[in-house]
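Structure, as structure tokens:
The values are calculated or read from the model by the stated rules, or taken from the named source; none is laboratory data. These figures come from a predicted structure and were not determined experimentally. Here the Cβ positions follow ideal geometry from the backbone for every residue, glycine too, while neighbour counts run over all protein chains shown.
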Amino acid sequence: RTSSQKTPQPSPNSPIRRGEPERSEKRKKMVRVATFFAMTFGAFLFWQSMDRVHVWIALHQDEKKERMERDLEIKRMQAELMAQAKESES
């Protein structure tokens, strides 16, 4: 080697020199924690959206039931009025 080519020296902050575990281990743990957080947050969002869907379905079922009851009442009144009209004609 010539004097212009130096062998690479580890930096003072390198994990090898400090005796710490490699960064890949720290990164793996960070990824695990981030994945756990993301999955927990995703589950929370799913739960909230399902709750809203449930409320929406229940509300529309109630509206449908009220509409059907109203229609039955109208049909009853029509039948009653038709019966009265027939009685008054005879």
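Hey, any hits in the stretch 29-45 for a residue that's part of a loop (DSSP other than H, G, I, E, B), at pLDDT below 95 and either out of contact with any strand residue (DSSP E or B) (no Cβ under 9 Å at 6 or more places or on another chain) or surrounded by 10 or more Cβ atoms within 10 Å (Cβ to Cβ) (or both)? No: the stretch 29-45 contains no residue that is part of a loop (DSSP other than H, G, I, E, B), at pLDDT below 95 and either out of contact with any strand residue (DSSP E or B) (no Cβ under 9 Å at 6 or more places or on another chain) or surrounded by 10 or more Cβ atoms within 10 Å (Cβ to Cβ) (or both).
Listed residues H54, H60; which is within 17 Å of the chain's Cα centre (by Cα), at pLDDT 90 or above, assigned to a helix (DSSP H, G or I) and not charged (D, E, K, R)? From the options H54, H60, the qualifying one is H54.
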